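Some notes on the structure that comes next.
Any read-out appearing in this document is the output of simple, stated calculations on the displayed coordinates, not a laboratory observation. In this text the structure is predicted, and so the values were computed from the model without any measurement. Cβ atoms come from the backbone with ideal geometry, glycine included; neighbour counts cover every protein chain shown.
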Amino acid sequence: MAHAHAVDRELRRYAVATTRHRPQSEQLTGRSVPQLLNAAYLVDDGRRDAFVRAVGELARDARPSAVEVTISGPWIPYSFARPDEVECAAQEAGA
């Protein structure tokens, strides 16, 4: 788990916003190994190439430890919308 925290800490350096999701089950991932980190990183276009390079370096560094680092996306930024924040904003607007 320490390796997952180190990966997350490094990738956060490139992100405008980050959020961690619950790791998905092996049934959902289709893989026979547990998912240690399931996170989304909102990265400005100008930092995208550096972010992708960082993921590649982390993946290469992780190979000897049998940890696999993968990336998917880009995804729409819905992962960063928080229902509680939307609710608070609506209440403030009505006040």
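Let me spell out the model: positive unit charges on the Cβ of Lys and Arg, negative unit charges on the Cβ of Asp and Glu, origin at the Cα centre of the chain. What dipole size does that give, in debye rounded to 20? List each step's numbers first, then the result.
On the way: 12 positive and 13 negative charges, 76 e Å.
That gives a dipole near 360 debye.
Nearest 10 degrees is fine. How inclined is helix 2-12 to the longest principal axis of the chain, computing both from alpha carbons?
The answer is roughly 50 degrees.
Give me the percent relative contact order of region 2-94, please, defined on Cα pairs under 8 angstrom at least 6 residues apart. Don't jump to the answer; show the numbers that get you there.
Working: 74 pairs, mean separation 24.6, N = 93.
Answer for region 2-94 is 26 percent.
Considering the options Leu37, Ala62, Pro74, tell which one lies farthest towards the positive end of the dipole of region 2-94, charges being +1 on Lys and Arg and -1 on Asp and Glu at the Cβ, about the Cα centre.
Positive-end residue among those listed: Ala62.
Per-residue ellipticity at 222 nm for the chain, helices alone: DSSP H runs ≥ 4 residues times -39500 (n - 2.57), over residue total, nearest 500 deg cm²/dmol?
On the way: 4 runs with 42 residues, N = 95.
When only DSSP H runs of four or more count, the value is -13000 deg cm²/dmol.
With angles folded into 0 to 90 degrees, how steeply does helix 83-94 sit against the dominant principal axis of the chain? Use alpha carbons for both and round to 10.
Roughly 20 degrees, rounded to the nearest 10.
How many angstrom lie between the C-alpha centres of region 1-27 and region 36-81?
Each part's Cα centre sits 8 Å from the other's.
If you fit an axis through the alpha-carbon atoms of helix 48-62 and take the longest principal axis of the Cα set of the chain, what angle between them do you get, 0 to 90°, nearest 10?
The answer is roughly 40 degrees.
May I ask you to derive the relative contact order of region 1-41, considering only C-alpha pairs under 8 Å and at least 6 residues apart, and to give it as an integer percent?
47
What percent of all Cα-Cα pairs in the chain falls in each 5 Å bin, counting up from 0?
2, 11, 19, 21, 18, 12, 7, 4, 3, 1, 0, 0
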